[in-house]
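One structure below.
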Amino acid sequence: MQFLILFVIVLLAPIIFNKIRIPSLIGLIIAGAVIGPYGVGLMLRDSNMIMLGNAGLLYIMFLAGIEIDVAEFRKNSAKSLVFGMLTFSIPMIIGTFAGLYLLNLTLVSSILLASMFASHTLVAYPIISKLGAGKNRAVTVAVGGTMITDTLALLVLAIIVSMNEGQVTPAFWTQMTLSLILFSLVVVFLFPVVGRWFFKKFHDSTSQFIFVMTMIFLGGFLAELAGIEAIIGAFLAGLSMNRLIPHVSSLMNRIGFVGNAIFIPIFLISVGMLIDYHAFVTGFETLKVAVVMTVVAILAKFLAAWVTQKIYGYTKAERMLIFGLSNAQAAATLAAIMVGHRVGLLDDSILNGTIVMILVTCTVASFRAQKGAVEISLSEGMVKEEEGNPDERILIPIANKDTLRDLIDLSLTIKSKANVDNVYALNIIKSTEATSETEKASEKLLEEAVMLGAGADTAIQPLQRYDMNVLNGILGVVKKYAITDIVMGLHVKQQISESFLGNLVEGVLNKCQSTLFVYKAIQPLGTIKRRLVIIPPNADREVGFSLWLSKIWNLGRNSGGKLSFYAANEILDTLRYVHKIHPIDAEFNEFSDWREFVKLAKEVGKNDGLVIVMSRQRKISYDPVMRNIPDYINKHFKDTNFMLLYPVQSTSVEDYHNDMTNASLITPVRNQDGFGATP
């Protein structure tokens, strides 16, 4: 019965409240208050409800860590530190004075109360993420600052409680310091190693999802062992798994779906169940405390966001994002009030006032965050509409079940965000081999491709063709659907040969204007730590440069692996310029003599991958050494993920593709879709 009530509320509350333009987050909290023990009493906030609510809270923090743009996070780490200190110190100062002079508390109780104001919960993060503003620089700064201020606030809580119990000794400080260091080392360094091993060994989607769930709660458990709140452990677990789970993948989609559909709504309902409206009609003191606490919490967090905006020159919308993310009081606030009430430092009026403060701050935070996210999404949406390439069409010829997932994963990772239905999976049946069995096998292969795409919110279009020749079948589809990119695969046991590449290049590239990616996966895409992108001199002077570069940029941003570019200085200057505008985790190395190609083998580690930008004879970027690439790969890189990339290099075909490549000649590199329009 309880689960029926919960899921009816999770279903209906967002629908009803969205119709009256109230964020569904607030609707769920209000619904929790109505059905809870202080409302009509349909449900109790028992141990099961508390457990599910805590799971939802950990999920919010984990999502914040796993969805954060790591490159942007590193770039803004100093800003996150500044904001974290501001959003901690300003509420601590104002809150302590409010406790002493407005609520007549003792100094110790006032400091504990102030630590509640200093902490905050990313309750509004799901709203921002859904609206497409999750990777904005202000969000990155706010999320990083959350980890800092919550950690400091919870340390204050631990110290105050220990002082109250007379346990603050040198041994206490030593134990806390060592436990925090050990916890951080385990989560930050050991979790990625275990995760990479697991994803390499087990490819079953269900097992991978259960593993991720295990890591969420293991991070929370280890944090509690270290003496801090579980939310910090969940956030760090998300951060440590960030690079292992491609942002555009069925696994990431599944993680977000389960959290947003089940765990997070139940957490919000459990928060609503805490609201006791009877306390505010029985005495003035509770109402006074609630007003003071709510005003102080909102004012202090707004001041921190406003100061951060002025320091770094953020827009008004970005300030609203920072304020919306940092104003909601829930997780750490509940932890502090429960502990403070239990040890006698905070009374019943503070407890009831805290519940009101949680409701009001979550409401204000939701509206501000939603407004800021909408404004930013609209402004970025206008940029994408101007910059985007609406004609991107990706073709994936598939013939082998073993390589299917790898090809789909790569295609979903390199595509632009706007492309949700122009990805085609093609299986060709030779006319001489057409039987009912081959047709069924082809249909099954295409069905699996469609399912993999659906898991990442992309509608892959299945195409089945009959032809005497596979190459002719591919070319016919390329022409009919105006394909811009072709992603082809090699089986893990298949070696690459010069004759194979020669036939492929001559057969495909000479007869259509499409960028070709030849991909061989030794291990899953998300487990690659670094990709060496080797670019020949003069590649930037060819018409397809900006087209393939945007795909490589998407690969770096959406997979989480570092990109190490090896190119001539002139090309590196262009890459650094793009990197400055659209930062990803990348490094740049001068490399112009392809006769030294074999020496790169020393640079390639166990979990590294290769991306080699190729060329054809008589083209400006061609180097004779490219003839030896197959031999080099078979000899030195046979256990390495690699991708051979053949750009569009001419505009000789007078068809639809001509229009597209000619457009790239006059469009600046920085304006190509993919750099600013990735998910």
> Roughly what angle does helix 331-342 make with the longest principal axis of the chain, taking Cα atoms, 0 to 90 degrees, to the nearest 10?
Replying inline: 30 degrees
> In degrees between 0 and 90, to the nearest 10, how far off the longest principal axis of the chain does helix 77-101 point, with axes built from Cα atoms?
Replying inline: 10 degrees
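Which semi-axes, in whole Å and largest first, does the equivalent ellipsoid of the stretch 111-150 have when worked out from the alpha carbon gyration tensor as the square roots of 5 times its eigenvalues?
24, 11, 5
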> In Å, the Kirkwood hydrodynamic radius of the chain over pairs of distinct alpha carbons?
Replying inline: 27.1 Å
>> Could you compute Rg(Cα) / (2.2 N^0.38 Å) for the stretch 511-648, with N its residue count?
In response: 0.98
> Taking the alpha-carbon set of the stretch 388-671, what are its Rg and Dmax in Å?
Replying inline: 18.1, 56
> For the stretch 428-438, in order, what is each residue's ³J(HN,Hα) by Karplus, 6.51 cos²θ - 1.76 cosθ + 1.60 with θ = phi - 60°, in whole Hz (x at glycine and Pro)?
Replying inline: 10, 9, 5, 4, 6, 10, 6, 9, 4, 5, 5
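Give me 636, 579 ranked fewest to most by other Cβ atoms within 10 Å of their Cβ, as a rough exposure proxy.
Numbers: 636 17, 579 21.
With the fewest neighbours first, 636, 579 line up as 636, 579.
Show me the ranking of peptides 423-430, 52-59, 397-404 by mean Cβ neighbours inside 10 Å, starting with the highest.
Details: 423-430: 21.6, 52-59: 23.5, 397-404: 17.1.
Sorting 423-430, 52-59, 397-404 by mean packing, highest first, produces 52-59, 423-430, 397-404.
Quick one: divide the alpha-carbon radius of gyration of the stretch 2-385 by 2.2 N^0.38 Å and tell me what you get. Intermediate results must be reported in sequence, preceding the final value.
Details: Rg = 20.1 Å, N = 384, 2.2 N^0.38 = 21.1 Å.
Against the compact-globule rule of thumb, the ratio is 0.95.
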>> Just want to confirm a number: the relative contact order over the chain, from Cα pairs under 8 angstrom separated by 6+ residues, in percent.
In response: 15 percent
>> Can you compute the helix-only [θ] at 222 nm over the chain? Use -39500 (n - 2.57) per DSSP H run of at least 4 residues, normalise by all residues, nearest 500 deg cm²/dmol.
In response: -19500 deg cm²/dmol
>> Give the lysines reachable from residue 619 as a straight Cα distance under 17 Å; neighbours fewer than 8 places away on the same chain don't count.
In response: 511
> Going down the list 79/301; 415/529; 415/635; 201/599; 417/520; 75/301, which pairs span over 27 Å between their C-alpha atoms?
Replying inline: 415/635; 201/599
> What is the fewest-to-most order of 101, 646, 277 by other Cβ atoms lying within 10 Å of their Cβ?
Replying inline: 101, 277, 646
> Listing 411, 592 from the residue with the fewest other Cβ atoms within 10 Å to the one with the most, what is the order?
Replying inline: 592, 411
>> Helix 284-312 against the longest principal axis of the chain: what's the angle in degrees, Cα atoms only, rounded to the nearest 10?
In response: 40 degrees
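Any read-out appearing in this document is the output of simple, stated calculations on the displayed coordinates, not a laboratory observation. Just so it is clear, the structure is predicted and the values come from calculations on it, not from any experiment. Don't worry about glycine lacking a Cβ; one is built from the backbone with ideal geometry, like all the others, and counts go over all protein chains shown.
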